[in-house]
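Asks: Take this structure first; my questions come after.
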Protein chains: 2
Amino acid sequence: MHLCRIAAMFFVFQDAPAGASTSNDAIWLWIALGVGALALVAAFVLAKIVLSSDAGTPEMQVISNAIREGAEAFLSRQYRSIAALAIVLAVALYLGYHLSSIPHDRAVALKTVIAFLVGAVCSGLAGFTGMYVSIRANIRTASAARTSLNKALQAALRGGAVTGLVVVALSLIGVGVLFFCFGGLTHPQEVPYELVGFGFGASLVALFAQLGGGIYTKAADVGADLVGKVEAGIPEDDPRNPAVIADLVGDNVGDCAGRGADIFESTAAENVGAMILGAALYPVFGIKGILFPLIVHAINLIASIVGVAIVKTNDTEDPMSALNRGYYVTSFLALGGFAFAIYHMLNGPGVHPAWLLGCGVTGMITAFLFVWITEYYTECKFRPVQSIAEASTTGPATNIISGIAVGMETPAMPVIVISAALLLSYYFGVRGLAEFTGISDYAKGIYGTAIATMGMLSCAAYILAMDTFTDNAGGIIEMSNQPHEVREKTDKLDSAGNTTKALTKGYAIGSASLAAFLLFSAYLEEIKTIVTARVHAAGPLGYMPPGWSFTNINLAEIPVFVGALLGAMLTYLFSSMAIKAVGRTAQMVVKDVRDQFRENPGIMAGTSKPDYARCVSIVTGAALKEMVLPGLLAVGLPVAVGVLFRNFSSVYGAGSSGLNNAGLAMVPTINGVPVNLGGASAVAGLLMVGTISGVLLAMLMNNGGGAWDNAKKWIETGKFGGKNSEAHKAAVVGDTVGDPFKDTAGPSLHVLIKLLATITLVLAPLFL
Amino acid sequence: MHLCRIAAMFFVFQDAPAGASTSNDAIWLWIALGVGALALVAAFVLAKIVLSSDAGTPEMQVISNAIREGAEAFLSRQYRSIAALAIVLAVALYLGYHLSSIPHDRAVALKTVIAFLVGAVCSGLAGFTGMYVSIRANIRTASAARTSLNKALQAALRGGAVTGLVVVALSLIGVGVLFFCFGGLTHPQEVPYELVGFGFGASLVALFAQLGGGIYTKAADVGADLVGKVEAGIPEDDPRNPAVIADLVGDNVGDCAGRGADIFESTAAENVGAMILGAALYPVFGIKGILFPLIVHAINLIASIVGVAIVKTNDTEDPMSALNRGYYVTSFLALGGFAFAIYHMLNGPGVHPAWLLGCGVTGMITAFLFVWITEYYTECKFRPVQSIAEASTTGPATNIISGIAVGMETPAMPVIVISAALLLSYYFGVRGLAEFTGISDYAKGIYGTAIATMGMLSCAAYILAMDTFTDNAGGIIEMSNQPHEVREKTDKLDSAGNTTKALTKGYAIGSASLAAFLLFSAYLEEIKTIVTARVHAAGPLGYMPPGWSFTNINLAEIPVFVGALLGAMLTYLFSSMAIKAVGRTAQMVVKDVRDQFRENPGIMAGTSKPDYARCVSIVTGAALKEMVLPGLLAVGLPVAVGVLFRNFSSVYGAGSSGLNNAGLAMVPTINGVPVNLGGASAVAGLLMVGTISGVLLAMLMNNGGGAWDNAKKWIETGKFGGKNSEAHKAAVVGDTVGDPFKDTAGPSLHVLIKLLATITLVLAPLFL
């Protein structure tokens, strides 16, 4: 970081400080960056502590090493593929900006590409760290489980916390340093727009990381189960199954690396989006409104470090209670910090900070409600999971029907919560800034929703620590033939890990839906800025209606409606591709395992070892191949819609808000011709309705999958005949169906939604 | 009908003919009504022919009578429930209109309620006719199958044609007569708005008919299969199964009565919507533009009668080829008639009818493409079904995963087709009317999409005849122990019936998506008309900006976005409720059959008869109870959103398109206060995005379900081990899962989409 600051002094874009310097307020940037740096140090220390603890028996290490090698091989091949794609896109991005007609865009082109590459690299780094630490923490957790549950829990959570801290800190530092290097302290209103590339780079890597990892993890899991549990009749994690190491590798590359990149992208995109909206309120808050999101994440880091530090348990307690205590402490600290930041940064004459704090509190409550609703739909003690378990008694068909019905029910409550949160935080935003007459209610309200999003994200690092919380320890214990009581301890951790994973998925989709509005609005602001620049560049030929803004995405116009249809369709087709990819890859696992059993009968007899590496390598190759097509679809469709509709005839009236009034020109014109907003509007329709459809589908798949999983677990506790009953067999079918839903398609949809937002932000100039 | 015309002379709303009489053009109304009446006569003659043919052996009649009694008992109980709900709603509607503040609305209140009740009664009549004839045609078809396939096919198709003709003719006559009675010939621009109640009445009955019937048919089917095929190991349609009659009853009340009400609603809603858009183009076409939809349906009736008449086959041909020949003839005639109508009705100085014909052709091609795409996804000879069959070899879980993946892929092509159809027909509409400068491009383009919808619907009666094409004959043959070769003939009909049912579902959802835009636009026109009336009623206090129209549904406004979220959520929750209702009702069937087997061991031994009626009565009661909650949700949510947001603070800026321009008031004001369009806008968001989400979900469920069904059938032809292999068992699971998808939730979603459109049209005054 120090290096970067020195480099920045020579940085090509570093303007000389102008009179408009806001040096006093720049202190907030340094505070945020300082906390980010400290968090990295804390993560390093935590990693040291975890890594210095006992690494288990030689048998355990053999297994752990096999997992490590498999995961590292996958990640290195995956990152090479992603890097190739990213470089192609960077060139395309540069050319695209360059071909845009006015010099302003050209100056921005290089900055955008640099931000894009920095974002991509940071995202890759975040994912890699997550995987690196998680694998090493796994074996230490397994080892610690041989002595006490508390030690195991702490090793597991601290391993997860390294990821959480690194992810949030890298996002904070990346955005902050780029902001400084691009001259944000002197041109605070312009630089946020130049950071959109950072979000896009993060999204792109996240998309492929989550897709590739998600396909890998579930193909290995489903394949191993199909051929192991179902065909050969050997238990889960049995060392005779050649796919078992691939399955364990999958947990690391899918859940840890994938989720790390996912949350990195969320914080990056939401930081940049909120800074753009802050720029729109520059007259009110100055640079502090722009730096506010960074400070929120600094608070997030501090609160999460404390939260992680206080988690301890004993051998009898449910580990979930200990984790929840940490969550409450983190939330409490985050709330205090949030209030401090609001009163010190978003304050001033005419501002009512209490209302703005209300926005933040709304966001935090939304987070709690989402976690609670997810719990209701995925935990054994409530009706939905029990209804699936009961339906299993009449066979797999009724299990599936009832699981899908539960999944389809799940969006109802979250949608109502999100609707209420949007309405409230918008209203609070308007009230908080009511005395400023020069700013539209719309800008005030939208900033309110942005504050709510910040509130929701203010515990993100802790949530991520809980999520990347290890669940491999059990597998290592099982495979290395440890005593039964050790397995009992890791089972407890396993079960807590399943719960936290479901909850954080609920949290992630909740923040995605709330942030969606923030990101739309950033896109609309960006379009307005570009149009304004172009009209001004046209000199006297350009005409800008007074007070014009691009805030009208009219669904009654055909291009917007068609964009909306295509956006919704994209989420279905993308999910279909992801699910089919899992199916195809799983078939390759099945085939390889069958081949191995046939080629080497000693495997099933337990006399010779299966070739784990062969299976790992097959899944790696297949998963990487399969991630390309859905990834390209996600990137290509919005671009195609924007570029196509940009060239459409003006008869469609898209974007010409001037329809309403027969008199004066109401839209910006250049040389008397209205600026064609058709492409930008169609893309906005795609973005918004694609987000709505994606959020709902993701909830269906995440919660449906989670409910199926726990219905099986509930039956295994002895309900409806218990393990190996007919009901249990039916429930296993549901669990298998739910796997690609909840671990591949669902999480990939989260990332898709964010990618749509960042790609439209970055490519906005091409749609005009 | 004659009676009605006499009654109309004394009708309270019949105004004295004014100077604006367009008596010459009124001839088109009489032509349409005349053709409608002739079609009813033709349907009567067809019914006579079918009913006069041989009614089979006494054994067959016993079974047929049991089915008839069950179906009639269900329908009579169902209609009584629906009637009670309809009367409550009629009163609420009247009060709602009455409480609206201006006298104009009050005058309309009674007309709307009358139209509502007429629509509901006609819809019920159409559904009842469908069921009445279909049951009687079934036994005749079964009987005819004992002599020749041609006779059986003709009996089956003619039975279906009675439904098709009655449905379309009743819709045509209902709308036409109300138009006349409400004084449409003297006030053609106002009366179409007064007909919206007709569409709502039809939708409401259709919703409950489809929901109740859909729950009934699949609960009986799934229940009978679960306990018969799976538990007791007896074949489908085995007379020892106490649920078998309920299953056969279900085919009639779900597919025939439900689908009849569904298509009745579609034609009714689209007729009324297109007439409203025609009213907006009154300056161009006069009353002919308003009567055009009625003439299109008259053409539809004539073309379909000819199409049905020419269908014949022989004992070796695939019945599907004969049915397709009829479809081609119908399409060809409809195209000719359409061109005639365009050149005679939508013509005049400055109109380019060739472009308008292009709109119609676009609609017809869209219909063909939808049918083709549906075939691709649901027929055994193509990849999707085969991929599901192949996945079945690794068990039920992979069968389900692959079926859902196929289902999620299905919306892609249809969405592209619909997008292209909307863009093209809009463009053609603008070109066709390019010379009229006083009308906005938007109104021209939207009328183009309306013509395309008319084109798509111009073969509806034939399509419906194919769809209600009997599939019960096989059951009767099976249960009455007829020789094997007879069963082979009815199996051919069965298989053709499965195909036509899948294709018409594709057609129905295609027309729903294309018509969606027509119906949105009618809603926007309606809101504009009401606002204009209220502003004028305020006298000098009211201000109407020149050229104002309500064509701006801004997704970037929070209330619209929240409405959109809720609309999408509604489709998920509604589907979930429908699917769960099937599950619960099926469990009651399972329980009753188990009870009967236990109480009377003679049933399985074949020595005594099961109590079919008890099972029928249980399903009837349960299905009717289950249809209420999802039905009320569908009706209640749009009303709640509209009424709630109407009262929302203006800070949300909803509907105030005036945001853009700081100067002049751009929205209508009364007493200086802008008319609050928040409720109307939020409802529009709900309607549009609810439609998009509903169309996609319905495609997923219809095509996924159809593909599962045929994957099972394909395996039964000997693929992957054939009948009773492990793959077949897995495929049976998929088929069972698909049943409530494709026969309950999917078709009910079609109706839901239309209901959303008609309820918003009818209740528009309450949202302002």
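The values are calculated or read from the model by the stated rules, or taken from the named source; none is laboratory data. Note that the structure is predicted; figures quoted are calculated from it, not measured. Backbone-built Cβ (ideal geometry, glycine too); neighbour counts: all protein chains shown. Calculation scope for accessible area: heavy atoms of the full protein, side chains included, ligands and nucleic acids excluded. Shrake-Rupley method; radii C 1.70, N 1.55, O 1.52, S 1.80 Å.
Asks: How far is A:G547 from itself in the other copies, in nm, if each label sits 7 Å out from Cα along the Cα-Cβ line, shortest first?
Replies: 1.9
Asks: A:Y426: net charge of surrounding residues, Cβ under 12 Å, Lys/Arg +1, Asp/Glu -1, itself excluded? Each step should come with its number before you reach the end.
Replies: Working: positive: A:R431, A:K444; negative: A:D441, B:E557.
Computed value for this residue: 0.
Asks: Take the alpha carbon gyration tensor of region A:107-202, find the square roots of its eigenvalues, order them as a ≥ b ≥ c, and report rounded if a/c is under 1.5; if not, report prolate when a/b exceeds b/c, else oblate. Before the final figure, lay out the partial values.
Replies: Working: a/c = 5.96, a/b = 3.14, b/c = 1.90.
Prolate.
Asks: If the reach is capped at under 19 angstrom between alpha carbons, list the lysines near A:K528, excluding any in the same chain fewer than eight residues apart.
Replies: A:K444
Asks: Between A:V88 and A:E190, what FRET efficiency comes out of the Förster formula 1/(1 + (r/R0)^6) with R0 = 30 Å and r the beta carbon distance, rounded to 0.05? Don't skip to the end; give the middle numbers.
Replies: Working: r = 28 Å, r/R0 = 0.94.
In this case the efficiency is close to 0.60.
Asks: Please list, in order along region A:221-230, the HN-Hα scalar couplings obtained from phi with the Karplus expression 6.51 cos²θ - 1.76 cosθ + 1.60 (θ = phi - 60°), rounded to whole Hz, x for Gly and Pro.
Replies: Values, residue by residue: 5, 4, x, 4, 5, 4, 8, x, 4, 7 Hz.
Asks: Mind listing the label-point distances from B:D318 to the same position on all other copies, shortest first, one decimal in nm, points 7 Å along Cα→Cβ?
Replies: The projected label point of B:D318 is separated from its counterparts by 5.8 nm.
Asks: Please name the residues of region A:388-403 whose accessible area, counted over protein heavy atoms with a 1.4 angstrom probe, falls by no less than 20 Å² between the chain alone and the full protein assembly.
Replies: SASA drop of 20 Å² or more in region A:388-403: A:T394, A:P396, A:A397, A:T398, A:I400, A:I401.
Asks: A further question follows. First select every other residue whose beta carbon is under 10 angstrom from the beta carbon of B:A515; then total the charges, Lys and Arg +1, Asp and Glu -1. Can you show the working numbers first?
Replies: Details: positive: B:K754; negative: B:E270.
Here the charged neighbours net out to 0.
Asks: Determine the shape class of the protein assembly as shown: with a ≥ b ≥ c the square roots of the Cα gyration tensor eigenvalues, call it rounded for a/c under 1.5, and otherwise prolate if a/b is greater than b/c, oblate otherwise.
Replies: On the way: a/c = 2.06, a/b = 1.19, b/c = 1.73.
The shape class here is oblate.
Asks: Summing -39500 (n - 2.57) over the DSSP H runs of n ≥ 4 in chain B and dividing by its residue number, what mean residue ellipticity at 222 nm do you reach, to the nearest 500 deg cm²/dmol?
Replies: On the way: 26 runs with 577 residues, N = 768.
Per the formula, -26000 deg cm²/dmol.
Asks: While we're on this one: Which value, in Å², gives the accessible area per residue of chain B when a 1.4 Å probe is used on the protein heavy atoms?
Replies: On the way: 23050 Å² over 768 residues.
Using a 1.4 Å probe on heavy atoms only, each residue of chain B averages 30 Å².
Asks: So if we plug the beta-carbon distance of B:L110 and B:L541 into 1/(1 + (r/R0)^6) with R0 = 22 Å, what FRET efficiency do we get, rounded to 0.05?
Replies: Working: r = 28 Å, r/R0 = 1.27.
Result of the calculation: an efficiency of 0.20.
Asks: Defining the label point at 7 Å along Cα→Cβ, can you sort the distances from B:G721 to the same site in each other copy, shortest first, in nm?
Replies: 2.0
Asks: Let me ask another. If you find the alpha carbon centre of region B:524-597 and of region A:576-613, how far apart are they in angstrom?
Replies: 50
Asks: Let me ask something else. Interface B/A, total buried accessible area with a 1.4 Å probe, nearest 100 Å²? Could you put the intermediate results ahead of the total?
Replies: Values: alone 26830 and 26870 Å², together 46150 Å².
Approximately 7600 Å², summed over both chains.
Asks: Kirkwood Rh and Cα-based Rg: tell me the resulting Rg over Rh for region B:396-447, rounded to two decimals.
Replies: On the way: Rg = 19.3 Å, Rh = 13.5 Å.
With Rh from the inverse mean 1/r over Cα pairs, Rg/Rh is 1.43.
Asks: May I ask you to give the percent of accessible area on the protein assembly as shown that is carbon plus sulfur, with a probe radius of 1.4 Å?
Replies: Values: 29890 of 46150 Å².
Heavy-atom surface of the protein assembly as shown belonging to carbon and sulfur, 1.4 Å probe: 65 percent.
Asks: Filter the cross-link list A:K742/B:K713; B:K229/B:K505; A:K712/B:K505; B:K218/B:K489; A:K489/B:K591; A:K218/B:K712 down to pairs whose alpha-carbon distance in this structure exceeds 32 Å. Let's see the in-between values first.
Replies: Numbers: A:K742/B:K713 30 Å; B:K229/B:K505 27 Å; A:K712/B:K505 35 Å; B:K218/B:K489 25 Å; A:K489/B:K591 42 Å; A:K218/B:K712 26 Å.
Result: A:K712/B:K505; A:K489/B:K591 exceed 32 Å.
Asks: Counting only C-alpha contacts under 8 Å and six or more residues apart, can you give the relative contact order of chain A as a whole percent? List each step's numbers first, then the result.
Replies: Values: 1429 pairs, mean separation 152.0, N = 768.
Relative contact order here is 20 percent.
Asks: Helix A:319-345 against the longest principal axis of chain A: what's the angle in degrees, Cα atoms only, rounded to the nearest 10?
Replies: The helix A:319-345 is inclined about 10 degrees to chain A.
Asks: Next question. Using the Karplus equation 6.51 cos²θ - 1.76 cosθ + 1.60 (θ = phi - 60°), what ³J(HN,Hα) coupling, rounded to whole Hz, does each residue of region B:28-33 give in order, writing x for Gly and Pro?
Replies: Coupling constants for region B:28-33: 5, 5, 5, 4, 4, 5 Hz.
Asks: Could you check the spin-label model distance between B:Y282 and B:R325? Points 7 Å from the Cα along Cα→Cβ, value in nm.
Replies: 4.9
Asks: Under a Cβ-only charge scheme (Lys and Arg +1, Asp and Glu -1), can you give me the dipole magnitude of chain A about the Cα centre, in debye to the nearest 20? Walk me through the intermediate numbers first.
Replies: Working: 46 positive and 51 negative charges, 125 e Å.
Taking the Cα centre of chain A as origin, the dipole is about 600 debye.
Asks: With a point put 7 Å past each Cα toward its Cβ, work out how far A:N647 is from B:L95 in nm, to one decimal.
Replies: Using points 7 Å along Cα→Cβ, the separation is 5.9 nm.
Asks: Return the distance in nm (one decimal) between the two label points of a simple spin-label model at B:N724 and B:F44, each offset 7 Å from Cα along Cα→Cβ.
Replies: 5.4
Asks: Report the convex hull volume per residue for chain A, counting only C-alpha atoms, in Å³.
Replies: On the way: hull volume 110.4 nm³, N = 768.
Cα convex hull per residue, to the nearest whole number: 144 Å³.
Asks: Separate question: With charges set only on the Cβ (+1 for Lys and Arg, -1 for Asp and Glu), what does the dipole of the protein assembly as shown come to about its Cα centre, in debye to the nearest 20?
Replies: 860
Asks: May I pose another question? Tally Lys/Arg at +1 and Asp/Glu at -1 over every other residue whose Cβ is under 13 Å from the Cβ of A:S392; what's the total? Numbers along the way, then the final one.
Replies: Details: positive: A:K712, A:K713, A:K719, A:K723, A:K729; negative: A:E390, A:D709, A:E716, A:E726, A:D735.
Charge balance in the 13 Å sphere: 0.
Asks: What shape does region A:312-416 have by the C-alpha gyration tensor, where a ≥ b ≥ c are the square roots of the eigenvalues, rounded means a/c under 1.5, and otherwise prolate means a/b greater than b/c and oblate the rest?
Replies: Working: a/c = 6.45, a/b = 1.90, b/c = 3.40.
It comes out oblate by the Cα gyration axes.
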